[in-house]
Amino acid sequence: MTVRPPMSSGAVVDAAFRGAAVEMVTARGTVLSLPVARWRGEATESDRQLFVDRCDGPTLDVGCGPGRLAGALTGRGVHALGLDISAEAVRQARGRGAAAVRGDVFGSVPAAGRWRHALLADGNIGIGGDPVRLLRRVSELVGAGGSVLAEVESPGVGVRSHHVRLRAGGRESAPFAWARVGVDGIGAVARRAGLVWCGLRLHGGRRVAELAVEE
């Protein structure tokens, strides 16, 4: 029997954005269904209240997926750029009329240091498995005086880092580092990253922390 090698996480996400159901599998074997249909849809009222309407200048959407936030910002006349490791996500984001590039937030990013806002929606504060490192990197991309809008989970989650796999169409990715951050953990994470806590906004059962990069 031929054993197929693991897919890259980007390839699994590509399959998901083409319509395949995708799950996240934790190291303990817990299986979580991911809300890909919502990510592929249009910006919701909570998206607008928590992210889109909060941005009044050039905005970097980290882990943009199919571009619902970058597209909504572009529709408002705000200069926005989506960044994602998934080629399919970037293709769909561009199809909405949003600017988007394929890339890693820890790699080369256009206009680094000149963004006014950065978005970490849909759990993307987990990218890389180390939220302090991620926020430090994002603050470099935003630059002094900018802000980071980071979606966090409910109280009780704290900060949890682990390895996960993605599963779609009968294939799995290799394990990769991911993190979860709750509303009870984001304050300490922000301080360690050198960011200033500006408040928490709630809408539709979602929670978004606004963090400032000091001037």
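Values for this structure:
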quantity	calculated
Shape category assigned to segment 90-157 from the gyration tensor of Cα positions, a/c cut at 1.5	oblate
Cβ crowding within 10 Å averaged over residues, with 113-121, 87-95, 198-206 ranked highest first	113-121, 87-95, 198-206
³J(HN,Hα), Karplus 6.51/-1.76/1.60, whole Hz, each residue of segment 94-108, x for Gly, Pro	5, x, 7, x, 8, 6, 7, 9, 8, x, 9, 4, 8, x, 6
Residue-averaged 222 nm ellipticity for the chain, from DSSP H runs of 4+ at -39500 (n - 2.57), nearest 500	-7000 deg cm²/dmol
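Values in this text are rule-based calculations from the coordinates and carry no lab data. All figures in this text were calculated on a predicted structure; none of them were measured in a lab. Neighbour counts run over all protein chains shown; Cβ positions are idealised from the backbone, glycine included.
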